[in-house]
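Read the structure below first, then the notes.
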Amino acid sequence: MAGTNLATKLSNVALNNKEKVCLIGSGNWGSVIAKIVAENVSKYPDQFDPEVRMWVFEEMIEGKRLSQIINEKHENVKYLPNVRLPDNVVAHPTLLNAVEAATLLIFVIPHQFVKGACDQIKGHVNPNARAISLIKGVDVSKSGLRLISDVIKENLEMDVSVLMGANIASEVAEEKFCEATVGYRNEANGLVWQRLFNTSYFKIAAIEDVEGVELCGALKNVVAIAAGLVDGLKYGDNTKAAIIRIGLSEMRKFSKLFESNVKDNTFFESCGIADVITTCFGGRNRKVAEARVLTGKSFDQLEKELLNGQKLQGTLTAKEVHIILEQKGLCHEFPLFTQVYNICYEGHEPSAIIKL
Ligand SMILES: NC(=O)C1=CN([C@@H]2O[C@H](COP(=O)(O)OP(=O)(O)OC[C@H]3O[C@@H](n4cnc5c(N)ncnc54)[C@H](O)[C@@H]3O)[C@@H](O)[C@H]2O)C=CC1
Ligand SMILES: O=C(CO)COP(=O)(O)O
């Protein structure tokens, strides 16, 4: 991005009207992102409408609707407790109302729900809208693997960027310094997203590699399951470092299998090595995989017991990746991904994680 004339590019993108932002999602990460974006739209009132809409998948909390609680208390008491959301974040329980008139759509829901959300809004979005996906996952069907950003793009017929990075939500909520990577196809849109998300503590780099950035975000969750298993087995730091190295190497190999133009440098951005490290030390996937070893309970049961409605992405992604590897007859070239799948779905012992 060095040397880019930001003002000129942005003015080419900005329609005569101000950009209106809508978040599709209000979980742990979605709520942190709402806070960042709401603060940033207030910094650039000429470019952005001050109201940030946030679609809430409605649920009842002690007899009251979560969307109502968020609008009254300015806090997502279930998914991001004790963090004040700016007053300009407005929660909407109806997806169609939330996206109405929005020109910037931020998708931040667990990946298993994205098709349902797209189905609901297809044909009802502003024709000038662009989207960004913060969703870490992939879509797999009989026709093969699709990026989540492509699912959104094909359904809604708009340009879709991605944002991934080493971003444990609770730490970003406390405004502890970290970085993230925007992957774009359209540079002008990439710049809009960079401006919308960048803060002094959340530093955004923008690169032209949607496939690489997004696949890093999805695949690191499978590596984090492996890291949690070795933590539970108390195998020590050297083993965990080996898991991280082998995992990163399989992430790169798998990404290039999907798209040969994925850039090597992407793996050195926040979305690559940095996210693998933070998730293997501090993430939910790691935590639940460790508990799987320590308690012997299933991943599904532990997700319910430990995450209070938050969702694991790594186990499902391990299954989705495995389907592709089996289709291509390549399981033997991805021993770590294959062992994670076998442990999660085929009843193999957690100790199989080091049979690589
Ligand atoms: N939490 C984190 O630290 C980070 C998460 N991410 C990614 O962001 C994405 C969203 O995750 P979070 O915001 O953490 O969510 P979460 O896991 O905290 O919460 C789950 C969300 O899913 C919603 N939900 C439940 N059933 C639903 C349905 N049928 N349809 C639509 N929504 C439903 C819940 O209301 C809740 O908002 C995931 O892909 C995750 O990997 C990315 C970076 C950091
Ligand atoms: O993506 C994340 C950090 O960048 C969060 O990872 P978990 O879903 O494992 O908590």
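The values are calculated or read from the model by the stated rules, or taken from the named source; none is laboratory data. Being a predicted model, the structure only gives us computed values, none of them experimental. Don't worry about glycine lacking a Cβ; one is built from the backbone with ideal geometry, like all the others, and counts go over all protein chains shown. Just so you know, the surface numbers come from the protein's heavy atoms only, side chains and all, with ligands and any DNA or RNA stripped out. Shrake-Rupley method; radii C 1.70, N 1.55, O 1.52, S 1.80 Å.
The figures follow:
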| item | result |
| --- | --- |
| Residue within the stretch 154-167 that is more than 16 Å from ligand 2 (Cβ to nearest atom) and open to solvent by 60 Å² or more (accessible area, probe 1.4 Å) present | yes |
| Counted residues, the stretch 330-352 - those being within 17 Å of Val223 (Cβ to Cβ) and of a type outside the set (Ser, Thr, Tyr) | 13 |
| Cross-chain or 6+ apart pairs with Cβ under 7 Å, the stretch 16-28 first and not assigned by the TED database to the domain that holds Leu306, then among the aromatic types (Phe, Trp, Tyr) and within 16 Å of ligand 2 (Cβ to nearest atom) | Ile24/Phe107; Gly25/Phe107; Ser26/Tyr79; Gly27/Tyr79; Asn28/Tyr79 |
| Residues satisfying the stated conditions in the stretch 174-186, i.e. within 11 Å of ligand 1 (Cβ to nearest atom) and either under 23 Å from Gly123 (Cα atoms) or open to solvent by 10 Å² or more (accessible area, probe 1.4 Å) (or both) | Cys178 |
| Residue that is surrounded by the fewest Cβ atoms within 10 Å (Cβ to Cβ), among those in the stretch 52-71 that are under 23 Å from the mean Cα position of the chain (by Cα) and part of a strand (DSSP E or B) | Arg53 |
| Residue ID - nearest to ligand 1 (Cβ to nearest atom), chosen from residues in the stretch 111-164 that are small (Gly, Ala, Ser) and in a strand (DSSP E or B) | Ser133 |
| Conditions (1) open to solvent by 10 Å² or more (accessible area, probe 1.4 Å); (2) outside any helix (DSSP H, G or I); (3) touching a Lys or Arg at 6+ places or on another chain (Cβ under 8 Å); number of the one not met by Val262 | (1) |
| Residue in the stretch 230-246 that is in a strand (DSSP E or B), open to solvent by 10 Å² or more (accessible area, probe 1.4 Å) and either within 16 Å of Ser149 (Cβ to Cβ) or without any contact (Cβ under 8 Å) to a residue 40 or more places away in the chain (or both) present | no |
| Output for the stretch 291-311, where each listed residue is under 18 Å from Pro81 (Cα atoms) and not in a helix (DSSP H, G or I) | Asn308, Gly309, Gln310, Lys311 |
| Test: Ile207 is within 20 Å of the chain's Cα centre (by Cα), open to solvent by 10 Å² or more (accessible area, probe 1.4 Å) and among the β-branched types (Val, Ile, Thr) | yes |
| Index of the failed condition, Ile354 passing every other in (1) closer than 26 Å to Asn167 by Cα; (2) hydrophobic (A, V, I, L, M, F, W, C); (3) in contact (Cβ under 8 Å) with a residue 24 or more places away in the chain | (1) |
| Residue within the stretch 72-91 that is modelled with pLDDT of 95 or more and part of a helix (DSSP H, G or I) present | yes |
| Pairs, first assigned by the TED database to the domain that holds Leu104 in the stretch 47-70, second acidic (Asp, Glu) and open to solvent by less than 10 Å² (accessible area, probe 1.4 Å), C-beta under 7 Å, six or more apart | Gln47/Glu19; Phe48/Glu19; Asp49/Glu19 |
| Residue under evaluation Ala289, criteria (1) away from ligand 1 (no atom under 13 Å from the Cβ); (2) open to solvent by 10 Å² or more (accessible area, probe 1.4 Å); (3) farther than 20 Å from Leu145 by Cα, criterion not met | (2) |
| Hits in the stretch 317-350 - residues which are open to solvent by 50 Å² or more (accessible area, probe 1.4 Å) and in a helix (DSSP H, G or I) | Lys319, Ile323, Glu326, Gln327, Lys328, His332, Glu333, Tyr345 |
| Close pairs (6 angstrom Cβ cut-off, 6 or more residues apart or separate chains): closer than 16 Å to Leu134 by Cα and in contact (Cβ under 8 Å) with a residue 12 or more places away in the chain in the stretch 174-187, open to solvent by 80 Å² or more (accessible area, probe 1.4 Å) and in a strand (DSSP E or B) anywhere | Glu179/Lys203 |
| Residue in the stretch 184-200 that is part of a strand (DSSP E or B) and either β-branched (Val, Ile, Thr) or over 15 Å from the mean Cα position of the chain (by Cα) (or both) present | no |
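Residue by residue, here is whether (1) polar (S, T, N, Q); (2) away from ligand 2 (no atom under 16 Å from the Cβ); (3) in the same structural domain as Met158 (by the TED database); (4) open to solvent by less than 10 Å² (accessible area, probe 1.4 Å) holds:
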position: Val32; (1), (2), (3), (4): no, no, yes, yes
position: Lys35; (1), (2), (3), (4): no, yes, yes, no
position: Ala38; (1), (2), (3), (4): no, yes, yes, yes
position: Lys73; (1), (2), (3), (4): no, yes, yes, no
position: Pro86; (1), (2), (3), (4): no, yes, yes, no
position: His92; (1), (2), (3), (4): no, yes, yes, no
position: Phe107; (1), (2), (3), (4): no, no, yes, yes
position: Gly116; (1), (2), (3), (4): no, yes, yes, no
position: Gln120; (1), (2), (3), (4): yes, yes, yes, no
